[in-house]
Amino acid sequence: MIKRSLKYAVLLGVWLPWLALASETVDKTWDVAADARITVENTAGEIVVQGWDRDQVQLIADLGNSVKNLDIKESSSGLQIHVENRSERNTDSTDLLLKVPASALLDITAVSADIDISGLDNARIKASSVSGEVEVRANSDSVSLESVSGDVTFSGKTSRISAESVSGDIELTDVSGMVDANTVSGDIEMRAGSLEVGKFETVSGDILLSAELSDGGKLGAQSMSGDITASLPKNLSGSFKAQSFSGRISSEFGSVSKASHGPGSQLKYVAGKGGAEIKMESFSGNIRLKSQ
């Protein structure tokens, strides 16, 4: 009778909680769908997620002394894992290691914990941490990464990615399609394939870009006091615009003109039929457009 009740509860999407107490070491495995949604919340410590070729989730957790319980809820759509501490102010480190189906959907949230994700080939990855680093090595159709004071790093294949950090650096490798990255005081570095839309913003950090642009693609970068460097194909057909109020502009595409009054300089140039659009702006930083 109990087994039958559990079966119908899962089919109906009813949460079935499973609890673990503080100072325990947990090693537990669940059968899930290949595209199950895995949601994880942890306050302090580390969250490591690894993709594998099984339709199962394995959790190995080393719980800190401050943990009130490890709340795990299972439904027909996936798993929800939440580390609940007795106090939000005084928390010990809790380390979570999860092995999940390679095509599972991820939603990972941390406060003072690092996030490390690898080995996935799925439709969506979402990961955010307040003061920890976020690193992803995976293939995913859509990626959203955030950290307030930690670095954000992505390497792999994706057609849409959003990356944000306040005081950390952002590094993106092998991205393509649509890319949006912004930071306040950190640097942004991107090495990309063919971009449809690329948007990059920072206040005091530098921006370093290397990319190709699709026909009609758009690439824009803005910085208040940081330098902007973009390496683009030398035979790129597009319109180039660059402007700096007090910084220098150097370009291998067209020629730079100085403002008639004041220290500013700008670049306006059209190559070929002008399909792509490239626009760079900095208030006091230097701008460099290089051919590759």
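Residue check: is Ile278 within 19 Å of Thr202 (Cβ to Cβ) and touching a residue at least 60 places away in the same chain (Cβ under 8 Å)? Yes; evaluated as a whole, the condition is true for this residue. For the stretch 129-149, the criterion of being under 21 Å from Thr94 (Cβ atoms), out of contact with any strand residue (DSSP E or B) (no Cβ under 6 Å at 6 or more places or on another chain) and not charged (D, E, K, R) is met by at least one residue. Which residue is surrounded by the fewest Cβ atoms within 10 Å (Cβ to Cβ), if the candidates are limited to the stretch 102-117 and must be more than 16 Å from Asp35 (Cα to Cα) and of a type outside the set (Val, Ile, Thr)? Among those that are more than 16 Å from Asp35 (Cα to Cα) and of a type outside the set (Val, Ile, Thr), it is Ser112.
For the stretch 132-155, a residue qualifies if it is surrounded by fewer than 17 Cβ atoms within 10 Å (Cβ to Cβ) and in a loop (DSSP other than H, G, I, E, B), and the qualifying residues are Val148, Ser149.
Within the stretch 90-124, the residues that satisfy the criterion of being at pLDDT 95 or above and not in a strand (DSSP E or B) are Ala102, Ser103, Ala104. Among the numbered conditions (1) in a strand (DSSP E or B); (2) exposed (fewer than 15 other Cβ atoms within 10 Å of the Cβ), the only one that Gly274 does not meet is (1).
Inspection of the stretch 210-218 identifies no residue that is assigned by TED's automatic domain parsing to the domain that holds Ser284, touching a residue at least 24 places away in the same chain (Cβ under 8 Å), among the hydrophobic types (A, V, I, L, M, F, W, C) and touching a Gly at 6+ places or on another chain (Cβ under 6 Å). Going by what's in this entry, would Lys241 be described as of a type in the set (Lys, Arg), at pLDDT below 95 and not assigned by TED's automatic domain parsing to the domain that holds Ser155? So Lys241 fails the test. Reported count of residues in the stretch 216-261, each being closer than 28 Å to Gly177 by Cβ, of a type in the set (Lys, Arg) and not in a loop (DSSP other than H, G, I, E, B), is 2.
All of Leu195, Leu232 fail the test of being without any contact (Cβ under 8 Å) to a residue 40 or more places away in the chain, in contact with a Leu (Cβ under 9 Å, 6 or more places away or on another chain) and of a type in the set (A, V, I, L, M, F, W, C), apart from Leu195. Filtering Asn69, Asn65 for residues that are in contact with a strand residue (DSSP E or B) (Cβ under 8 Å, 6 or more places away or on another chain), farther than 20 Å from Ile117 by Cβ and not hydrophobic (A, V, I, L, M, F, W, C) leaves a single hit, Asn69. Determine whether Asp206 is closer than 23 Å to Ser131 by Cβ and either touching a residue at least 40 places away in the same chain (Cβ under 8 Å) or of a type in the set (S, T, N, Q) (or both). Answer is yes for this residue.
Would a scan of the stretch 239-255 turn up a residue that is on the phi > 0 side of the Ramachandran plot and surrounded by fewer than 16 Cβ atoms within 10 Å (Cβ to Cβ)?
no
The values are calculated or read from the model by the stated rules, or taken from the named source; none is laboratory data. None of these values were measured; they are calculated from a predicted model. Quick reminder, even Gly has a Cβ in these numbers, built from the backbone with ideal geometry, and neighbours come from all protein chains shown.
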